[in-house]
Amino acid sequence: MKGRLSWFVKGFLALVFVVLLLSACSSDSGSSSSGNSSGGEIELTMTAWGNPAEIKVYQKAIDAYQEENPDVTVKLIPGPGDTYKQKLLTQLQGSQSPDLFYVGAEYMSQLIETDRVAELSEFLNSDESFVKPDEFANGLWGSAKKGEEIYGTPVDSNPLLLYYNKKVLEEAGLDPNEPQKLFEAGEWNWENFAKVNKQVTESGKYGFVAENSSLHMFSWIWSNGGQMYDDEGNMILQDNEKAQEAIAYLNENISDGNFKYAGSLPEGQGPDAMFMSNQTAFAAAGRWYTPMFSENKNLEFDYIPWPTNTGEKMEPAVIATAYLSTTTDSDNLEEAKKFLSFYTSEKGQRARLEGNGNAVPSIESVDDIIENAEVPEHAGYLIDARDIGKVESNQSVIPGLDQEVTDMFDLMFLGEKTPEETIKEVSEKAEKMIEDYKNQ
């Protein structure tokens, strides 16, 4: 009896081993591209900044991907813009970041230095990727590339231009399409822009709300044919009169009250909210305000290129772009890369940007989205601005420099420093930080 029982137990254990072995083989053959051997549903997390209308836009591409990949769930976690960068840096350093995250061009180099951002070039050039690097418009990579290494794909592009509020202009006694008429006549210049803003402010409303960021500062400098950095990335502001004139023009109009400095507004009040409530005539941005503005039935707006001071109708303005990156700490890194490539592919961009999308495609084959847009009337200016615009990559590639420069200009706009003092301090700080960076 004891021998027969022993034989039975041995046979039963052998049968269990075979069943487990077959189960493991079945699980391996059915695993996802992420390498998750459990065979169950894959969960990814993604964070991005944006207003509520923008978050809805991002979700469109997520929904499209999940429809094609029902075993994958992507949870979108919106992040406040004012604390987004610092929170993401903290999460990456603590290996607690979401699988995927939007990255601003101005601090991409800082994130790369954490060694927590996955390198993507090999994957993007593989058959698994929905998009290839050479499909993106020239000049959009900026600090997302280090040599041939790629750490983020341009989710789209956003050339800066101005939004103008027709109702505010009309209430100030101006033609509601005054900017458009001036532009068509070749007279959309600094002088006339200041005059229009002066008339608006005299009517009791705000004119242009000036923001302090590299996007806006470089757009003003380039609108006068000026430069802050040479082609090698060296600081030349102290020797470039055109750049100095642009800074002085901006500061003078803020001091005179023609422009309102966004940094002096009460907490919680920004150019987008003021524009939406018909308090201000002009706001500078990319297409990201359009979905939200379009939902406001009491708002009449249109686009106009940046005013110039060179005699040309248009000069380059900054192209804002964000990158989608993934962390090396992701439990589903390969699946995260696959979703990243879909999100920034032609298919993903069409899902996000058709209709009242929040950006301009970073892939030229999707330009028909803008060309066919019905809101606003002159949507085509976005393509014009993208085609001559530039992604600023000299200041943004030096970790911490962009914030230092922004802080120094803030003191000037608040009246605590003169343009001359600010230009000197910015130049000296930039020269030192650039030299330190090159000597690392």
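Looking only at residues of region 139-160 that are hydrophobic (A, V, I, L, M, F, W, C) and touching a strand residue (DSSP E or B) at 6+ places or on another chain (Cβ under 8 Å), we find that the one that is nearest to Leu324 (Cα to Cα) is Val155. Figure legend. Inter-residue proximity from region 123-152: first residues modelled with pLDDT under 90, second residues assigned to a helix (DSSP H, G or I), beta-carbon distance below 7 Å, spacing 6+ or different chains. Indicated pairs: Ala137/Glu364; Gly142/Ala105; Ser143/Ala105; Ser143/Met108; Ser143/Ser109; Lys146/Ile112. Of all residues in region 134-188, those being assigned to a helix (DSSP H, G or I) and open to solvent by 60 Å² or more (accessible area, probe 1.4 Å) number 7. Quick check: is even one residue across region 395-403 within 23 Å of Gly139 (Cα to Cα), at pLDDT 95 or above, open to solvent by less than 20 Å² (accessible area, probe 1.4 Å) and not aromatic (Phe, Trp, Tyr)? The answer is no; no qualifying residue exists.
Determine whether Lys338 is modelled with pLDDT of 95 or more and within 23 Å of the chain's Cα centre (by Cα).
Working: modelled with pLDDT of 95 or more: yes; within 23 Å of the chain's Cα centre (by Cα): yes.
Here the answer is yes, as Lys338 does meet what is asked.
In region 118-145, which residues are within 19 Å of Ser362 (Cβ to Cβ), out of contact with any Pro (no Cβ under 6 Å at 6 or more places or on another chain) and of a type outside the set (Gly, Ala, Ser)? Steps first, please.
Within region 118-145, the first condition is being within 19 Å of Ser362 (Cβ to Cβ), and the residues that meet it are 120-121, 123-125, 129-145.
Subset that is out of contact with any Pro (no Cβ under 6 Å at 6 or more places or on another chain): 120-121, 123, 125, 129-135, 137-139, 141-145.
Residues satisfying the conditions are Leu120, Phe123, Asn125, Phe130, Val131, Lys132, Pro133, Asp134, Glu135, Asn138, Trp141, Lys145.
Would you check if there is a residue in region 242-252 being under 21 Å from Ser203 (Cβ atoms) and crowded, with 17+ Cβ neighbours inside 10 Å? No: region 242-252 contains no residue that is under 21 Å from Ser203 (Cβ atoms) and crowded, with 17+ Cβ neighbours inside 10 Å. Scanning region 220-237 for residues that are among the aliphatic types (A, V, I, L, M), touching a residue at least 40 places away in the same chain (Cβ under 8 Å) and part of a loop (DSSP other than H, G, I, E, B) gives a single hit, Met228. Number of residues in region 388-435 that are under 24 Å from Asn253 (Cβ atoms) and assigned to a helix (DSSP H, G or I) equals 19.
Run down Glu334, Glu377 and say which single residue is open to solvent by 10 Å² or more (accessible area, probe 1.4 Å) and either free of Cβ contacts under 8 Å to residues at least 12 places away in the same chain or over 22 Å from Phe183 (Cα atoms) (or both).
On the way: Glu377 fails: either free of Cβ contacts under 8 Å to residues at least 12 places away in the same chain or over 22 Å from Phe183 (Cα atoms) (or both).
Answer to the selection: Glu334.
Restricting attention to region 185-207 and to residues that are among the hydrophobic types (A, V, I, L, M, F, W, C) and touching a residue at least 12 places away in the same chain (Cβ under 8 Å), the residue that is nearest to Pro305 (Cα to Cα) turns out to be Trp188.
Exactly one residue out of Gln244, Gln238, Gln227 is on the phi < 0 side of the Ramachandran plot and in contact with a Gly (Cβ under 8 Å, 6 or more places away or on another chain): that is Gln244. For beta carbons closer than 8 Å, sequence separation of 6+ or different chains, a first residue in region 251-263 that is in contact (Cβ under 8 Å) with a residue 60 or more places away in the chain and a second that is in a helix (DSSP H, G or I) and among the β-branched types (Val, Ile, Thr), the qualifying pairs are Asn258/Thr201; Tyr261/Ile254. Screening region 284-320 for residues that are within 17 Å of Phe183 (Cβ to Cβ) and outside any loop (DSSP other than H, G, I, E, B) and picking the one that is most open to solvent (accessible area, probe 1.4 Å) gives Phe301. Tallying residues that are touching a Ser or Thr at 6+ places or on another chain (Cβ under 7 Å) and under 21 Å from Asp99 (Cα atoms) within region 134-170 yields 9. For region 63-83, how many residues meet the condition of being more than 14 Å from Phe101 (Cβ to Cβ) and not in a loop (DSSP other than H, G, I, E, B)? Final tally of qualifying residues: 8.
The values are calculated or read from the model by the stated rules, or taken from the named source; none is laboratory data. Only a predicted model underlies this, so the values are computations on that prediction, with no experimental measurement involved. With ideal geometry, Cβ positions are generated from the backbone for all residues, glycine too; neighbour counts draw on all protein chains shown. Surface areas here come from the heavy atoms of the whole protein model, side chains and all, with no ligands, DNA or RNA. Shrake-Rupley method; radii C 1.70, N 1.55, O 1.52, S 1.80 Å.
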